[in-house]
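The values are calculated or read from the model by the stated rules, or taken from the named source; none is laboratory data. Remember, predicted model here, so these are calculated numbers, not experimental data. Neighbour counts are summed over all protein chains in view; Cβ atoms, including those assigned to glycine, are modelled from backbone coordinates with ideal geometry. What goes into the accessible areas is simple: the full protein's heavy atoms, side chains included, and nothing from ligands, DNA or RNA. Shrake-Rupley method; radii C 1.70, N 1.55, O 1.52, S 1.80 Å.
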Amino acid sequence: MKKVLITGGAGFLGSHLCEKFLAEGCYVIAMDNLITGDMKNIEHLMKLPNFEFYHHDVAKYIHIPGELDYIMHFASPASPIDYLKIPIQTLKVSSLGTHNVMGLALAKKARILVASTSEVYGDPIVHPQTEDYWGNVNTIGPRGCYDEAKRFMEAMTMAYHNHHGVETRIVRIFNTYGSRMRLNDGRALPAFIGQALRGEDITVFGDGSQTRSFCYVDDLVNGIYKLLLSDYHLPVNIGNPVEITIKEFAEEVIKLTGTTQKIVYKPLPQDDPKQRKPDISKAKEILNWEPKVARAEGLKITYNYFKSLDQYNNVPKEFNTKN
Ligand code: UDP
């Protein structure tokens, strides 16, 4: 039985990965300091014999007894609202934390996959984004603490691969949605759905002409799993290449939820990327992967999930918008 450590295991993506590895017959250790993760996301796994939870901050020395086959480094805040609130932790988890998980991978002779991001491309000038594009990042802007930490993480990963021969994998994750996103994390989808459920206006930032390409979480997790099992150590984009403007996206949520509220426009946050769409040729060629879940279907599943929560009424007002 393969043993895997998933950092950020109580988070949105981490908890879905825990489920995937358990379904593949692995022994899973989820690690999380619960700053943005939530035990509710893994409550249903706690009683399983193949599952363990370690409450630990990966920016501090990590001790895992016994052998380890795989490490999935998914610990990090991942929304602009979080970067503003906890910029130092955001920097530390992908710098000090990455150093710690790399040291662990070396010691255990484990294969390690790190969760990088389309944010390494910054506000991209090349469109769609290919893996060989170096990006356009503002180091000192509000997203700098996340973007630069993730870029450092990639550099650290390559150094451990080249210098120590560690088996490394780098996934660049594009916008992803699904159950267990936090309603109050400020991201477009939970913001729009939360507003619709609470009967509030839908806040579109800027004129809504900026684009994103949204991937359903199950598709993403399948792509990441394939990448881990591949023998390819350079970065691979995983995301859904179907591009949409944020205004159109808000309109889709309005239609789906049947809300009678309207769109209100708020100022565009600084350094908000104008366009984003992954070129997934590499993932198609190397992993034989492409997304399968259409946005209409994924949005419906996600909306039903949020509707089933009773907490959407309790979201503090200040989290409803970024401004
Ligand atoms: N956005 C918006 N209204 C909101 C939250 C986000 O218009 O209430 C916009 C945001 O400015 C960005 C897009 O939606 O252009 C996607 O934002 P998100 O935070 O989900 O992801 P990221 O900007 O990191 O891609």
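Checking each residue in the range 170-180 for being near the ligand (Cβ under 9 Å from one of its atoms) and part of a loop (DSSP other than H, G, I, E, B) picks out Phe174, Asn175. Mind checking whether some residue in the range 64-86 is surrounded by fewer than 19 Cβ atoms within 10 Å (Cβ to Cβ), of a type outside the set (Val, Ile, Thr), closer than 30 Å to Pro269 by Cα and within 16 Å of the ligand (Cβ to nearest atom)? There is at least one residue in the range 64-86 that is surrounded by fewer than 19 Cβ atoms within 10 Å (Cβ to Cβ), of a type outside the set (Val, Ile, Thr), closer than 30 Å to Pro269 by Cα and within 16 Å of the ligand (Cβ to nearest atom).
Considering each of Gly208, Gly141, Gly194 in turn, give the residue that is assigned to a loop (DSSP other than H, G, I, E, B), open to solvent by less than 10 Å² (accessible area, probe 1.4 Å) and among the small types (Gly, Ala, Ser).
Step by step, each of Gly208, Gly141, Gly194 is checked, and only Gly208 is assigned to a loop (DSSP other than H, G, I, E, B), open to solvent by less than 10 Å² (accessible area, probe 1.4 Å) and among the small types (Gly, Ala, Ser).
Here Leu68, Leu106 are screened, and the one residue that is over 21 Å from the mean Cα position of the chain (by Cα) and in a loop (DSSP other than H, G, I, E, B) is Leu68. For the range 266-302, the tally of residues that are exposed (fewer than 12 other Cβ atoms within 10 Å of the Cβ), hydrophobic (A, V, I, L, M, F, W, C) and within 19 Å of Asn138 (Cα to Cα) stands at 0. Pairs are defined by a Cβ separation below 6 Å, a sequence spacing of at least 6 or placement on different chains, a first member in the range 201-227 that is under 19 Å from Phe21 (Cβ atoms), and a second member that is within 12 Å of the ligand (Cβ to nearest atom); the pairs so defined are Val217/Thr176; Leu220/Thr176.
Looking at the range 6-29, can you tell me whether even one residue there is out of contact with any helix residue (DSSP H, G or I) (no Cβ under 8 Å at 6 or more places or on another chain), open to solvent by less than 10 Å² (accessible area, probe 1.4 Å), assigned to a loop (DSSP other than H, G, I, E, B) and not aromatic (Phe, Trp, Tyr)? Yes, the conditions are met somewhere in the range 6-29.
In the range 230-271, of all residues being in a loop (DSSP other than H, G, I, E, B) and touching a Lys or Arg at 6+ places or on another chain (Cβ under 6 Å), the one that is farthest from the ligand (Cβ to nearest atom) corresponds to Pro235.
Here's a check for you: in the range 211-229, which residue that is more than 8 Å from the ligand (Cβ to nearest atom) and assigned to a strand (DSSP E or B) is surrounded by the most Cβ atoms within 10 Å (Cβ to Cβ)? Let's see the steps before the verdict.
Applying the first criterion (more than 8 Å from the ligand (Cβ to nearest atom)) to the range 211-229 yields 211, 213-229.
From what is left, the residues that are assigned to a strand (DSSP E or B) are 211, 213, 215-216.
Values: Thr211: 18, Ser213: 22, Cys215: 27, Tyr216: 21.
Only one residue fits best here, namely Cys215.
Would you pick out the residues in the range 111-151 that are charged (D, E, K, R) and away from the ligand (no atom under 14 Å from the Cβ)? Residues satisfying the conditions are Arg111, Glu131, Asp132, Glu148, Arg151. The set of residues in the range 158-171 that are buried (at least 22 other Cβ atoms within 10 Å of the Cβ) and of a type in the set (D, E, K, R) contains only Arg169.
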